[in-house]
1. Please list 56-65, 178-187 highest first by mean number of surrounding beta-carbon atoms within 10 Å per residue.
2. Using Cα pairs under 8 angstrom and six or more residues apart, how large is the relative contact order of the chain, in percent?
3. Based on the mean of other beta carbon atoms within 10 Å per residue, what is the order of 89-96, 111-118, 156-163, most packed first?
4. Hey, what D do you get for segment 17-113 in µm²/s if you plug the Kirkwood alpha-carbon radius into Stokes-Einstein at 10 °C and 1.306 mPa s?
5. Given segment 118-213, report the % of alpha carbon pairs whose separation exceeds 21 Å.
6. Let's test the formula: R0 of 25 Å, r as the Cβ-Cβ distance of D178 and N212. What FRET efficiency results, to the nearest 0.05?
7. If you bin every alpha carbon distance in the chain into 5 Å steps from zero, what whole percent lands in each bin?
8. Give the distance, in whole Å, between the Cα centre of segment 84-109 and the Cα centre of segment 156-213.
Amino acid sequence: MPVISILNIKGGTGKSISTMWLATAATYSDQVTVPVHVADGDVAQGTLSAWYEDAQAAHAENPELPSANFELISGNYAQLLRGIKKVPKKDLVFVDGSPGDHSMVRELSALSDLVIIPTKGTPGELEQVLTIAERLRADNIPYRIIFTMWKKSANVIQELRDVLDSLDEPYIWPPIADTAFLSRAYGTLPRNHFKDMEGYDSLLEKVLEQLND
Ligand SMILES: Nc1ncnc2c1ncn2[C@@H]1O[C@H](COP(=O)(O)OP(=O)(O)OP(=O)(O)O)[C@@H](O)[C@H]1O
Ligand SMILES: [Mg+2]
């Protein structure tokens, strides 16, 4: 059962949207022939559960809108962990992590075949990313850093890739750009694999490559 967790201690780094878009990209991908699941690891906010329900309700009202062709795993902490462990071995699971919850990050990491750490790549965030990365490395859990809400602005570390390369930190390039479309994406799903993917389709391909490594 490949479990891919999208984790960062920092809030608002694109964990939930990356979980939804990667899971949808997986259902659109020829490379994924197994059932896909998403798990709402953000028990406190429940963003993913609400998003899933809103998207399904929107589809029920207007069948032209996409429906989620994946299953939602949600509930309290214990139910969530049980739910993830119960998924058939061959299926693919994307887990949305909760901000600020170190013990949850640790527990979800331990269940994961791959951890994705989304970040905007600002100096303050990088420090937190490196802290998580250090722990994952110590625990021998494969991980990749991804970049979200990417703007070529002054508050992004210009030499970010040089810094990560020099530290031998694994990341996936190119970044997901900051777009008006994604800023309004809550409650929606990308329409199909030709449209609205905003880079998450090629990101999925790279994530699957890492899994098969
Ligand atoms: N590429 C993007 N371009 C523009 N806006 C984005 C992009 N990615 C995410 N956002 C916006 O940033 C906000 C945070 O995204 P998201 O909820 O996915 O982050 P999160 O890490 O799950 O947050 P939290 O820590 O609160 O759970 C949302 O309003 C979302 O629409
Ligand atoms: Mg979230």
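1. On the way: 56-65: 11.5, 178-187: 13.3.
Answer by packing, highest mean first, reads 178-187, 56-65.
2. 30 percent
3. On the way: 89-96: 20.6, 111-118: 22.6, 156-163: 14.0.
Sorting 89-96, 111-118, 156-163 by mean packing, highest first, produces 111-118, 89-96, 156-163.
4. Numbers: Rh = 13.9 Å.
The diffusion coefficient I find is 114 µm²/s.
5. Everything past 21 Å amounts to 40 percent.
6. Details: r = 30 Å, r/R0 = 1.20.
Step by step, r from the Cβ atoms, then E = 0.25.
7. Percent of Cα pairs in each bin: 1, 7, 16, 21, 21, 17, 10, 4, 1, 0, 0.
8. 20 Å
Here, each number is a calculation from the coordinates, and none is a lab measurement. All values derive from a computational prediction rather than experimental measurement. All Cβ positions, even for glycine, are placed from backbone atoms using ideal geometry, and neighbour counts span all protein chains on display.
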